[in-house]
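**Q** Below are the structure tokens for one structure; questions will follow.
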Amino acid sequence: MRSLGGGVYVDPAMPAEQFQGLKRVVEGARRRVALFYGATSASPNVVFCASQDCYCDLGGIGLGFSDGAHVLISPQGRRHAIVAHELAHVELASRIGGLERVLDLLPQWFDEGLAVLTSMAREFDDEAWSEATGEGAAAPALSEIAAMNDWSRRTGPNGEHMQMTYGTARREVARWFAVVGVDGLADLLTALETREPFAEAYARIEREHLNAAAQRNGVATASEEQPRQDPRPFAPESLRGRAAW
Ligand SMILES: [Zn+2]
């Protein structure tokens, strides 16, 4: 493999006009990951194959692939969204203590949903999901896309039902992230490190953020309403009932 520096490698068979710009794609993808995780803890190599043969020989599946430590990108996967998706998987694995632990501790829908959200892949927006799932009516429950084999079966051998799995997962993680934000995700990672079960930590962190938001809103509402609590701001008690004329 030919090094472009910064942990970026290209297939030696790749012509120069194809690998120019790849470092920029990786930089952009790293920035997307940093938006969700804050500073990144993993520094994976990103390897770009020039041909499908190279990609398959190295064990790649789909458009991009990661083994939890490094990233491999197919000839069709040379874009921000695909690189960011795989970098997100590596970052999560690095935070949790390796791919094995991710597979043990987390439902598939969370790992993939967070990767799709981080990737900002346009093909998984709400509109595409609504169309593919009949406004959600045909979407699986999260419990049905938690196990790896269920996930693969529902995605389909050629990814023909990706909206059902990747799309549904993105939607749920986007909903949760909108409530808890970067801090909540960091809390979740800490909780997993300290062996709190995923389902408990996921629900607890959302509840805490909702409660905190409700409290903030309560304080704001109370202070806004305060002036209206005095019904007669210009009529001191002592003058009530007395007419001056
Ligand atoms: Zn993925």
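Readers should treat all values here as calculations from the given coordinates under stated rules, not as data from a laboratory. Values in this document were obtained by computation on a predicted structure and should not be read as measured data. Counting neighbours? That spans all protein chains shown, and the Cβs are built from the backbone with ideal geometry, glycine included.
**Q** Sort by residue number and name the cysteines in the chain that have no neighbouring cysteine Cβ under 4.7 Å.
**A** Here Cys56 come out as lacking a disulfide-compatible partner, given the Cβ-Cβ threshold of under 4.7 Å.
**Q** Something else now. Ranked from highest to lowest mean number of other Cβ atoms within 10 Å per residue, what is the order of the peptides 87-100, 132-145?
**A** So the peptides 87-100, 132-145, ranked by packing, come out 87-100, 132-145.
**Q** Ratio of Rg to Rh for the range 1-96, alpha carbon only, Kirkwood?
**A** Rounded to two decimals, Rg/Rh equals 0.94.
**Q** For the chain, what does the alpha-carbon gyration tensor say about shape, rounded, prolate or oblate, given a ≥ b ≥ c as the root eigenvalues, a/c under 1.5 as rounded, and a/b over b/c as prolate?
**A** It is prolate, given that a/c is not under 1.5 and a/b is the larger ratio.
**Q** For a quick protection proxy, order the peptides 101-109, 2-10 by their average other-Cβ count within 10 Å, most packed first.
**A** Highest to lowest by the protection proxy: 101-109, 2-10.
**Q** Based on the mean of other Cβ atoms within 10 Å per residue, sort peptides 20-27, 46-53 so the most packed one is first.
**A** Ranking, from highest mean packing down: 46-53, 20-27.
**Q** Okay, moving on. Residues with amide H under 5 Å of Gly64's amide H, sequence separation 5 or more or different chain, H placed in the peptide plane at 1.01 Å from N; which?
**A** Here Ser74 satisfy the definition.
**Q** Taking the convex hull of the alpha carbon atoms in the range 137-200, what volume per residue do you get, in Å³?
**A** Measuring per residue, one finds 104 Å³ for the Cα hull of the range 137-200.
**Q** Given points 7 Å out from each Cα along the Cα-Cβ axis, report the Val219 to Met120 separation in nanometres with one decimal.
**A** For Val219 paired with Met120, the spin-label model returns 3.2 nm.
**Q** List the residues whose amide H sits under 5 Å from the amide H of Val8, counting only those 5 or more places along or on another chain, with H placed 1.01 Å from N in the peptide plane.
**A** Result for Val8 returns Val46.
**Q** Further question on the same structure: Per-residue HN-Hα couplings for the range 156-162, Karplus 6.51 cos²θ - 1.76 cosθ + 1.60 at θ = phi - 60°, whole Hz, x for Gly and Pro?
**A** In residue order, the calculated couplings are x, x, 10, x, 5, 10, 4 Hz.
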